[in-house]
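Notes to accompany the following structure.
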Amino acid sequence: MTKHFKRKADHTLPAGAGGTPIVAIVGRPNVGKSTLFNRLARQRLAIVHDEPGVTRDRHYADTDAFGHPYTLIDTGGFDPDSDDPMKSGIVVHVKAAIAEADVIVFLSDASQELTSADKAAVALLRRAKKPVIYAANKADSPKGDPDAFELYRVGVDKVFPVSALHGRGMSELEGAIVQAIPSWEPLPETDDTIPRIAIIGRPNAGKSSLMNRLIGEDRMLVDDRPGTTRDAIDVLVTRVEKRYVFIDTAGIRKKGRVTKTEDPIESVSVLHAVRSIERAQVCVLMCDAKEGVAEQDAKILGLAADRGRAMIIVLNKCDLLTKEEQQKAEDLARDKISFAPFVQIVKISAKTGRGVNELFRTIDATCEAFTKRIGTGELNRFFADVLDTRPPPTQGGKAPRLYYITQAESSPPTFVAISNAPESIHFSYRRFVVNQLRKAFGFEGVPVRVFYKEKRRGERLTEAMKEQKARALARRENDEAPEVEEDFD
C-alpha cells in the first residue's frame, strides 16, 4: 500500500508526480543539477557527467525531506542564447518544468562568475512568480562561500552555498524546500498495483514519439538525431480509468559502437535502459517497420527474456508502408525473434496514433498473463491430460515419471514439476510442456518457466505443502541460475 498526497492548491499534476508538491531544479548547463538531483533523491537516477547538456528531458523522482514528501524534477541546461536546435528544445522543457513546479531551486556554479544564461534564468524565474530557492553549487568549503554570494548582485534575497557532490549545505537547502512547498493533505491509501511498461529499442525507433502520443504532450524531447533520450523517464498514464507507468529508455546500440572513449554517457544510458527492463513487468520493443527488425533488436529483446519479463514487439511507422510491406516486416520480425515465438506483434504509427488502442489491449492482456496464478488442482487436471496424450519418453535407459505440477510464482509464471528422474527428461519434452501450459492457460507474450525436481522417497504432500515447497525450490533454482552475459556485439 502506498500513501499518496493531495495539495490544497489547485495545480495540474504532471504524470507520475503522485500528488505531492513539485520541486524543479533549474540552471544553465554543467552547474551540477543532476548531481544535486541524485543527492536530494538519495539515489543515482540522473546521469552525471562533466559534459554540458547531458540531461535533456525532464526527470522525475519521489523523495522527502524531514518527513515531507515531494516530487523532484531535474531539467536540462538552460541556455536561451544557443543556436543549437537541441538546446532550444531544452529551453522549452525547462519552461514547462517551471510551469509544473510549486517550488524552484535555481542552481549556479560558485566557482565561476555569473553568465548571461544565469542572469536570463533569474529573470525568467522572477516572471514565473513562484517560490524560488537560490543555491550556489561547488562551494565545497566555507572558503568558497564568498564566490557563492555573487548571486546577491542580481538582487537575490538569500543564497545557499552547497556542494551537491560532497553533501555540504544539504540540510539547510532541504529545510528551505520544506518551508517553501505548499501545504498538502494525505489521500486514502490505494492498492499499488500499477503495471510498469518499459519502452525499449534501438535509437531513433520512435520511443519518445510514442510516449508523447500516450501522455498527450511533448514531454519527451523528440529529434531526428539518434540518441535524444539518455535517461530513463517514468510517466504515469491514465487511460479509461486504468493507470500505467511507462518508462522511456535510451536507445541501445551495438556494444562495439558504444565505448567509454567515444561516448561514456551513452554507455551509462545503456545501463539505465537495462535497469529499466529489470524493474518493468512488460517490455515493449519499438522497431522501425520500414528498416525492419534487426539482429540488435533481437538481442535487446533477449535481455528482457533473460530477466523473465513479458514482451511485446511494436512495429512503428507503419503508415509509411503498404499492407504487403507491413506483412513482410512482420514475417521478418518473426524470423528474427524465433527464440520467442510467443511474443505478440502490434503495428502502429506513433505519429498518427494508429494502432495505439490495439497496443493498450495487448498490454492489458499481457499484464494479466504475467501475473496469472493457476490453482494446483486445475494444473494437475491439465497435467494428467498431457501425460495421457504424450508421456515423457525414455531417456538414457530411464523411464521418467511425472507425479504432479504446481505454480510456485507469478510474474513471470513459474512452475515446479516433481519427477522420479528429472535429469532424464529431454529438453524437447520440457519445451512441449511449456507450450502446452501457454496454450491451455493463455500465457501469450509471457516467458513460462518450469523446473523439474526429484521426489524424495516416501514423500507425501498436501496441496498446500506442494505449493509451499515448489515456491522454495523455484527461488533456490533462480538464485543458483548463472548470470547471463550481456553482449551487444
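The values are calculated or read from the model by the stated rules, or taken from the named source; none is laboratory data. Quantities reported herein were computed from a predicted structural model and do not represent experimental measurements. Because the Cβ atoms are built from the backbone with ideal geometry, glycine has one as well, and the counts that use them run over all protein chains shown. Surface areas here come from the heavy atoms of the whole protein model, side chains and all, with no ligands, DNA or RNA. Shrake-Rupley method; radii C 1.70, N 1.55, O 1.52, S 1.80 Å.
Quick notes on this one:
- A single member of A289, A273 is hydrophobic (A, V, I, L, M, F, W, C) and modelled with pLDDT under 85, and it is A273.
- Filter result for I312 (modelled with pLDDT of 95 or more, open to solvent by less than 30 Å² (accessible area, probe 1.4 Å) and among the hydrophobic types (A, V, I, L, M, F, W, C)): yes
- Candidates T75, T55, filtered to the one that is open to solvent by less than 40 Å² (accessible area, probe 1.4 Å) and modelled with pLDDT under 75: T55
- The set of residues in segment 411-437 being of a type outside the set (A, V, I, L, M, F, W, C), buried (at least 19 other Cβ atoms within 10 Å of the Cβ) and closer than 17 Å to R390 by Cβ consists of S419, S424.
- Test: R449 is surrounded by 15 or more Cβ atoms within 10 Å (Cβ to Cβ) and modelled with pLDDT of 90 or more: yes
- For the residues A408, A369, the requirement of being closer than 22 Å to D306 by Cα, at pLDDT 90 or above, open to solvent by less than 50 Å² (accessible area, probe 1.4 Å) and outside any helix (DSSP H, G or I) singles out A408.
- Here L301 meets each of (1) at pLDDT 95 or above; (2) open to solvent by less than 60 Å² (accessible area, probe 1.4 Å) with one exception, condition (1).
- Residue identified as closer than 17 Å to R354 by Cα and under 22 Å from the mean Cα position of the chain (by Cα) among I300, I313, I277: I313
- Filtering segment 392-405 to residues that are outside any loop (DSSP other than H, G, I, E, B), open to solvent by 60 Å² or more (accessible area, probe 1.4 Å) and not polar (S, T, N, Q) leaves K398, Y403.
Okay, residues lined up against (1) touching a residue at least 60 places away in the same chain (Cβ under 8 Å); (2) under 19 Å from V314 (Cβ atoms); (3) in contact with a Ser or Thr (Cβ under 8 Å, 6 or more places away or on another chain):
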site	(1), (2), (3)
A350	yes, yes, yes
F370	yes, yes, yes
L402	no, no, yes
S428	no, no, no
F432	no, no, no
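- Filter result for the condition that a residue is modelled with pLDDT of 75 or more and either open to solvent by 10 Å² or more (accessible area, probe 1.4 Å) or not in a loop (DSSP other than H, G, I, E, B) (or both), over V92, V23, V31: V23
- Taking the criterion of being of a type outside the set (A, V, I, L, M, F, W, C) and open to solvent by 10 Å² or more (accessible area, probe 1.4 Å), the residues of segment 116-136 that qualify are S116, K119, R126, R127, K129, K130, P131, Y134.
- Subset of segment 411-426 (residues that are assigned to a loop (DSSP other than H, G, I, E, B) and free of Cβ contacts under 8 Å to residues at least 60 places away in the same chain): P413, N420, A421, I425, H426
- Some residue of segment 146-160 being at pLDDT 90 or above, in contact with a strand residue (DSSP E or B) (Cβ under 6 Å, 6 or more places away or on another chain) and open to solvent by less than 50 Å² (accessible area, probe 1.4 Å): yes
- Residues considered: F342, F382, F360, F432. Of these, the only one that is in a helix (DSSP H, G or I) and in contact with a helix residue (DSSP H, G or I) (Cβ under 7 Å, 6 or more places away or on another chain) is F382.
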